[in-house]
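**Q** Handing you this structure, nothing more for now.
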Amino acid sequence: MSLATIRETPGLDAYLDDLEVRLAEAVEAYPGVVAEVGGEALAAGGKRLRPLLVFLAAPAGEAPLAAGAAVELVHMATLVHDDLIDRARYRRGKVAAWARHGPDAARATGDYLFARAFAELAATGEEAAVRCLAGATLALARGEALQRAQTRDPQTSVESYLERCALKTGKLFEAACLLGSGGDKDLGAFGLALGIAFQIADDILDCSGETIETGKIAGTDLREGTPTLPLILAAREDAGVRAALAGGPLDGALVRVAETGALDAAREVALDYARQARACLDGHLRRDELEALTDAVVDRES
């Protein structure tokens, strides 16, 4: 099955259409500056991958709209906050919220989007769902703190990097699958492994210059001193990359990353996590769709 055929899953198009309406209503609930800035973040678009996981994890005939909206609102909030923290001026080709409206407005907007996410789930009365998303959100914060601690440290271990991937990306993927399925642990494990594979693939794209998928400018991680898997592996082999990651001159460093073979080595790790994800799907009704999604996460192109 190809990724294109996933969109043929019965009910999916209607779900995604309803999702956009639900997201707009959630963001517009309290008119003002934060709603305006949040609306711009929503209009910037995105793959809606996390709500897609919610839908595909759900039993046939069910379309958990509140859960899909909640995980996407959390994701949007993290992007607004991440751009502010990193001082990234552009997101998906558009001026970032903090650069257009100022740091205070961006910070408040991220907080607002988090609040609206939990309002969506709280309205369902499902305490377990709220706890699940709260745990994922806490993991996001812990992952961001870990990234700050690792900044400009070329000695960051692969294990510590993978822990960061699990916290910053994998746990929200896991939550999407748990919320959609009503707590299926196998699907939760699928989501966690898929999220780690997704983040590694993103980090490879940042180094290879293929950034349409990621929404970032090529080489952002190296310039900011964020030790990603390809950069960690390359720094072990090349003194120039090691120096650049630590804050030294950047000239030619991305080319040198590719020359070390680190991109291919990182891709093998991503593929291994994709295999781990697929291994969790035995017997699932939508195994074909979820496997196709797994392949698409690792095999993204510019």
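The values are calculated or read from the model by the stated rules, or taken from the named source; none is laboratory data. Every value quoted in this text rests on a predicted model; they were computed, and no experiment measured them. Note that we place each Cβ from the backbone using ideal geometry, even for glycine, and neighbour counts take in every protein chain shown. When the accessible area is computed, the model is the full protein with side chains, heavy atoms only, and any ligands, DNA or RNA have been set aside. Shrake-Rupley method; radii C 1.70, N 1.55, O 1.52, S 1.80 Å.
**Q** Quick one: helix 287-298 against the long Cα principal axis of the chain, what's the angle to the nearest 10°, folded into 0 to 90?
**A** With rounding to tens, the tilt is 30 degrees.
**Q** Now a separate question. Among the aspartates and glutamates, which have Cα under 16 Å from the Cα of LYS168 when same-chain residues fewer than 8 positions away are ignored?
**A** Candidates past the 8-residue exclusion: GLU72, ASP82, ASP83, ASP86, GLU144, GLU159, ASP202, ASP203, ASP221.
**Q** Calculate the all-directions average of the projected area of the chain's alpha-carbon convex hull, and give it in nm².
**A** Computed as one quarter of the Cα hull surface, the answer is 14.3 nm².
**Q** I'd like to check one number: the per residue accessible area of segment 103-212, probe 1.4 Å, reported in Å² as a whole number.
**A** Each residue of segment 103-212 exposes 40 Å² on average to a 1.4 Å probe.
**Q** Let me ask something additional. If you line up the long axis of helix 127-150 against the longest principal axis of the chain, both from Cα atoms, how many degrees apart are they, to the nearest 10?
**A** It works out to around 10 degrees.
**Q** Between ASP272 and GLU8, what FRET efficiency comes out of the Förster formula 1/(1 + (r/R0)^6) with R0 = 30 Å and r the beta carbon distance, rounded to 0.05?
**A** That gives a FRET efficiency of 0.55.
**Q** Could you state the angle between the C-alpha long axis of helix 171-181 and the longest principal axis of the C-alpha atoms of the chain, as a value from 0 to 90 degrees rounded to the nearest 10?
**A** Its long axis makes an angle of about 20 degrees.
**Q** Any number yet on Rg/Rh for segment 106-184, C-alpha, Kirkwood?
**A** Using only Cα positions, Rg/Rh for segment 106-184 is 1.06.
**Q** Give me, ordered by chain and number, the residues 5 or more places off ARG91 or on other chains with an amide H under 5 Å from its own placed amide H.
**A** The answer is ALA96.
**Q** Next question, about the same structure. On the protein heavy atoms, probe 1.4 angstrom, tell me the percent of accessible surface of segment 61-191 carried by carbon and sulfur.
**A** So the carbon and sulfur contribution to the accessible surface is 52 percent.
**Q** OK, next. Count the net charge of all other residues whose Cβ sits under 14 Å from the Cβ of ARG107, scoring Lys and Arg as +1 and Asp and Glu as -1.
**A** Net charge around ARG107: -4.
**Q** Once you place label points 7 Å from the Cα toward the Cβ at ARG131 and ASP288, how far apart are they in nm?
**A** Once both label points are built, they end up 3.7 nm from each other.
**Q** Jot down the per residue volume, in cubic angstrom and as a whole number, of the convex hull over the alpha-carbon atoms of segment 110-256.
**A** 111 Å³
**Q** Let me ask another. Against the 2.2 N^0.38 Å scaling, with N counting residues, where does segment 40-123 land? I'd like the Cα-based Rg ratio to two decimal places.
**A** For segment 40-123, the normalised Cα radius of gyration is 1.18.
**Q** If packing is taken as the average count of other Cβ atoms within 10 Å, what order do 187-197, 160-170 fall into, highest mean first?
**A** 187-197, 160-170
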